[in-house]
Amino acid sequence: MASGSNVGGGPPRPASRESKPSSSGSDRSILRSSLKKAADMGAAEQQREAFRAMEERKKVNKKAAREMGVSLVRYEEMQEVFKLFDADGSGSIDPKEIRTQMSSLGFEVDNTTIYQLISDLDSDGSQQIEFEEFAGLLKDDLRFYHPDSTSKERCEEVFDFLDDLDPEERDAKIETENLRRVAEVLGDNITDEELEVMIACADKGGKGYVDCEDYYELMVGISRKMEENHDIPESDVSGGDHDKEASVS
């Protein structure tokens, strides 16, 4: 009988072909595995790049801090304060940004005062304040990092500001609502629970609030700890990388 014939007289059937198992499922699994591996490698490389950038930025900051004569932690603090005023991240503070930040802090200043401030600090004639000029204001003019910055008198001034901008509304207490006001000005989304922990840590007598003496002791303790752990030795301020570069040349 001829191949493909039909005994029942119906139309002839085509010769049967040997079926092959489908590999599409296996291919998809391999593809997913390859994509995941590539994604993991890409993420790892991004992390390495971010780490390298962070280390490079830290080196630059260390050198700048050394040249300024302050510790790295204090230099980075100044950078953070600068960013509060530099709202658009341009690297400089213009008159509008000064007015906006001063208003958010509760101070109303006229244009004459703002432009006079910029004129006093602007060393390059740009009519704006760059970070180096701003850092000079904090360090030299306001003496934020001078030992007398934690004097009883200075701490009382800051305490009054944290208590309330309006002298008539001050009650000689710092409570969570006072810290909330400052956090909102700084754009910090801190929770009420975190604010309560901050109050509890500074509150020496379990009063439920921080008084001026609590605040003074807290600031003196923080300053002492920073001096012990973060300050740059005098030899490092005057030497460091500069001396190494000199010896190489």
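For segment 166-193, which positions are under 18 Å from the mean Cα position of the chain (by Cα), of a type outside the set (A, V, I, L, M, F, W, C) and surrounded by 11 or more Cβ atoms within 10 Å (Cβ to Cβ)?
Passing the criteria: Glu184, Asp188.
Return the only residue of Phe144, Phe131 being modelled with pLDDT of 85 or more and either among the aromatic types (Phe, Trp, Tyr) or in the same structural domain as Val182 (by TED's automatic domain parsing) (or both).
Of Phe144, Phe131, the one residue that is modelled with pLDDT of 85 or more and either among the aromatic types (Phe, Trp, Tyr) or in the same structural domain as Val182 (by TED's automatic domain parsing) (or both) is Phe131.
Given the conditions (1) at pLDDT below 90; (2) surrounded by 13 or more Cβ atoms within 10 Å (Cβ to Cβ), which single one is not true for Asp243?
For Asp243, the exception is condition (2).
Would it be correct to say that Val70 is of a type in the set (Val, Ile, Thr) and either in contact with a strand residue (DSSP E or B) (Cβ under 7 Å, 6 or more places away or on another chain) or not in a helix (DSSP H, G or I) (or both)?
In short, yes.
Return the residues of segment 190-224 that are in contact (Cβ under 8 Å) with a residue 12 or more places away in the chain and of a type in the set (Asp, Glu); say none if nothing qualifies.
Of everything in segment 190-224, those that are in contact (Cβ under 8 Å) with a residue 12 or more places away in the chain and of a type in the set (Asp, Glu) turn out to be Asp192, Glu196, Asp211, Asp214, Glu217.
How many residues does segment 73-122 contain that are assigned to a helix (DSSP H, G or I), of a type outside the set (A, V, I, L, M) and either crowded, with 17+ Cβ neighbours inside 10 Å or within 23 Å of the chain's Cα centre (by Cα) (or both)?
16
The values are calculated or read from the model by the stated rules, or taken from the named source; none is laboratory data. Treat the numbers as computed from the prediction; the structure is a model and nothing was measured. All Cβ positions, even for glycine, are placed from backbone atoms using ideal geometry, and neighbour counts span all protein chains on display.
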